[in-house]
Amino acid sequence: MTDSAQNSPPQTAPTATSLTETERKRTEQKKAVPNGVEHRSSVLTSYDPRTSELLGDYAMMGADEVTRTIREAKSAQKWWAGLGSSGRKRWLLDWKKAIAKRAVDLVEVVVQETGKPHDDAWLEVMLAVEHLDWAAKNAGKVLDRHKVRSGLVALNQASSVGYEPLGVVGVIGPWNYPVYTPMGSIAYALAAGNAVVFKPSELTPGTGTWLAETWRTLAPNQPVFQVVTGDADTGAALCRSRVDKVSFTGSAATARKVLAICAESLTPAVIEGGGKDAMIVGGDAKLDAAAEAAVFGGMGNAGQTCVGVERVYVVETVFDDFVALVETKARKLKPGADRGAAYGPMTREAQVEVVRDHVRDALDKGGTAVVGGLDSIREPYIQPIVLVDVPEDSIAVTEETFGPVLVINRVRDLSEAIARANATSFALGASVFTQDTRTGQWVAERLRAGVVTINSVLGFAGVAALPFGGVGDSGFGRIHGADGLREFSRVKSIARQKRRAPLHLLTMDRKARHLRVSKWVFKTRHTR
Ligand code: NAD
């Protein structure tokens, strides 16, 4: 069943022809084919996905430019590491201020390159700045050398742990949150004493360039943070450039390619992959709040959120009431290019086909559309689509849709909800709605995910102290929080002998009496 009210195109929506035009321009610029030989353009052009308007030209950087940038970064990193955590904190807080003061400009670049509404871009920029602030202020506490207890058998040792910078970190970013997402690596890697070379998505080179420019204005002679613009080949060149670590955010398919390249030089990598996040709604949940969160998590940013809600499992006793509430809320949403729009266009045109395939598969396999349907997909905008009772083997349930589509399925109880939520190869975020604190905790502990929210969605995004990352196809490694700082560090342990041990065992001249006493101590401590 489709909803005819949802099928009228937004007034501000560009036509399908203009979308094809953008697609054509992007394809042409990417690969010109003179004499049948594929040739890479030297220019990367960015377009406004709402209007196909050309926004700016950037360099399509190749291996030589990437190598040169890394060389500069390596030398600047020595200065940066030498500042220590307190010196770096001052610079990073200055950088934070520079970004915050000109946030209105950054928001404008994000809006133009992604098409998302201004309010959403503001939210993204504000959260990114919070992370930069936290990383700057906490790096010393987390990473500076600190004592650890040596324990009874090594009382003669003074032991300490410290975290050293890795060197140069290559950050490869996506387009959906072009500031917040990469900042989760950039801020933490910089605070840990590394230089960073950032390769923004080919759809958002202006955003990455804007960030690098603010750093350059602040420290023109210290290229500690630089950007390399370009496409997949530029990203691959960055992985090959002998950086000390790659922090990749993007799809699982690209992550596999990134890891294959990194394997050639044993370059370590953090992978922040895609998601297929589930929300679980218990029988005692506040249904209105849960429905509001499902609609926000599923439709916000046109569903182009790695930790957005893609699946909802609702206990059958409240299923119909919950679906009715979601229906009412979803029908009110109007995507478009105007300031009042609920969300913007699909930023990446190719994703429209993915969404279409998922919706078609769900309907073909017996699912029901209670809001929208295939007719809601009118490039570059997709009206909200809510599907119910979708078979669990449909690709709308198993694969990342990355569009404004919610799948709502009924379950007998919370145990079944957990089993279904855990059944995909992705495991990034998840959420549960229940009024019972212990039940919420019980569910959260059983969900296979890197982060779980109870009675909210995306509630963790502004908590900089919480580590973030996934499991399975959603990746590995952690950004944000203390773990995020350590991710971009190399731990070094030091044991300083203060005096000779009374029981001196670490010698070729070991005394039999010392070993006898040690065995007695051992048995006394560990066998009782
Ligand atoms: P993508 O995988 O297409 O591209 C990501 C980045 O990788 C881009 O900068 C791209 O140029 C680069 N790239 C492409 N091929 C490469 C190669 N062979 N070697 C090196 N770099 C290469 O992803 P996308 O479409 O930009 O972003 C959407 C995806 O990102 C979704 O799956 C989404 O869930 C995921 N995402 C994850 C998080 C997270 O924190 N886990 C956050 C945001 C987005």
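When you count the other C-beta atoms within 10 angstrom of each residue and take the mean per peptide, 81-88, 65-72 line up highest first as 65-72, 81-88. Once both labels are positioned 7 Å from their Cα atoms along Cα-to-Cβ, the gap between LYS523 and GLU316 label points is 6.3 nm.
Considering only Cα atoms, the convex hull volume of the stretch 403-454 works out to 95 Å³ per residue.
Among the trypsin sites (Lys or Arg not before Pro) within the stretch 180-285, those in coil by DSSP and having at most 15 neighbouring Cβ atoms inside 10 Å are ARG242. Of the residues MET508, VAL463, GLY477, the one whose Cα sits farthest towards the positive end of the charge dipole of the stretch 461-528 is MET508 (charges of +1 on Lys and Arg Cβ, -1 on Asp and Glu Cβ, taken about the Cα centre).
Over the stretch 468-520, the fraction of Cα-Cα pairs per 5 Å bin, rounded to whole percents and listed from the shortest bin up, is 4, 14, 14, 11, 8, 6, 6, 8, 13, 11, 4, 0. Rounded to the nearest 10 degrees, the angle from helix 287-299 to the longest Cα principal axis of the chain is 90 degrees. The modelled label-to-label distance for the pair LEU266/GLU164, using points 7 Å beyond Cα in the direction of Cβ, is 1.6 nm.
Over all orientations, the stretch 316-364 has a Cα convex hull whose mean projected area works out to 4.9 square nanometres. Structural descriptor for the stretch 186-271: relative contact order 25 percent, calculated from alpha carbon pairs under 8 angstrom and at least 6 residues apart. Note on SER251/ARG145: beta-carbon distance plugged into 1/(1 + (r/R0)^6) with R0 of 41 Å gives a FRET efficiency of 0.60. Counting beta carbons within 10 Å around each of ILE494, ILE186, ILE261, ILE271 and listing the fewest first gives the order ILE494, ILE261, ILE271, ILE186. For the pair MET508 and ASP57, label points projected 7 Å from Cα toward Cβ lie 7.2 nm apart. For the stretch 39-86, the Kirkwood estimate of hydrodynamic radius, built from reciprocal distances between every pair of different alpha carbons, is 13.7 Å. When every Cα-Cα distance of the stretch 56-154 is counted in 10 angstrom steps from zero, the calculated P(r) takes the values 13, 25, 31, 22, 5, 3, 1 percent. Taken about its Cα centre, the stretch 464-524 carries a charge dipole of about 920 debye when Lys and Arg each add +1 at the Cβ and Asp and Glu each add -1 at the Cβ. Between 0 and 90 degrees, the angle of helix 319-331 with respect to the longest Cα principal axis of the chain falls at about 70 degrees.
For MET61, the amide hydrogen comes within under 5 Å of the amide hydrogens of THR229, GLY230, ASP231, counting only partners 5 or more places away or on other chains and with H modelled in the peptide plane. DSSP assigns beta bridges within the chain; of those with both partners inside it, close to 45 percent run antiparallel.
Please list, ordered by chain and number, the residues whose modelled amide H lies under 5 Å from the amide H of ILE172; skip anything fewer than 5 residues away on the same chain. Placed amide hydrogens put LYS199, SER247, PHE248, THR249 under 5 Å from ILE172. With all pairs of different C-alpha atoms in the average, the Kirkwood value for the hydrodynamic radius of the stretch 234-314 is 14.9 Å. Dividing the summed helix terms, -39500 (n - 2.57) for each DSSP H run of n ≥ 4, by the number of residues in the chain produces a 222 nm estimate of -13500 deg cm²/dmol to the nearest 500.
Pair-distance distribution P(r) for the stretch 223-380, from all Cα-Cα distances in 10 Å bins starting at 0: 9, 29, 28, 20, 12, 2 percent. Size descriptor for the stretch 172-262, Kirkwood hydrodynamic radius: 13.3 Å (Cα pairs only, one decimal).
Of the Cα atoms belonging to the stretch 344-503, the radius of gyration and Dmax stand at 21.4, 81 Å.
Principal axis analysis of the Cα atoms in the chain yields extents of 89, 60, 46 Å, listed in decreasing size. Packing-based ranking of 438-446, 330-338, 187-195 yields 187-195, 330-338, 438-446, ordered from highest to lowest mean Cβ neighbour count within 10 Å.
By the beta-carbon count within 10 Å of each Cβ, the least crowded to most crowded order of ASP48, ASP357, fewest first, is ASP357, ASP48.
Computed over the stretch 286-375, the percent of Cα pairs more than 21 Å apart is 35. With R₀ set to 25 Å, the beta-carbon distance separating ARG438 from SER415 gives a calculated FRET efficiency near 0.95.
Using a 7 Å offset from Cα along Cα-Cβ at ASN221, what residues in the stretch 56-92 end up with backbone N under 11 Å from the label point? Counting backbone N atoms under 11 Å from the label point, the list is empty.
Taking each of LYS101/LYS492; LYS101/LYS141; LYS116/LYS199 in turn, the alpha-carbon distance tops 30 angstrom for LYS101/LYS492. The fewest-to-most ranking of MET183, MET60 by surrounding Cβ atoms within 10 Å reads MET60, MET183.
Every number in this text was worked out from the coordinates using simple rules, so none of it is lab data. These figures come from a predicted structure and were not determined experimentally. Heads up, the Cβs are rebuilt from the backbone with ideal geometry, glycines too, and the neighbour counts pull from every protein chain shown.
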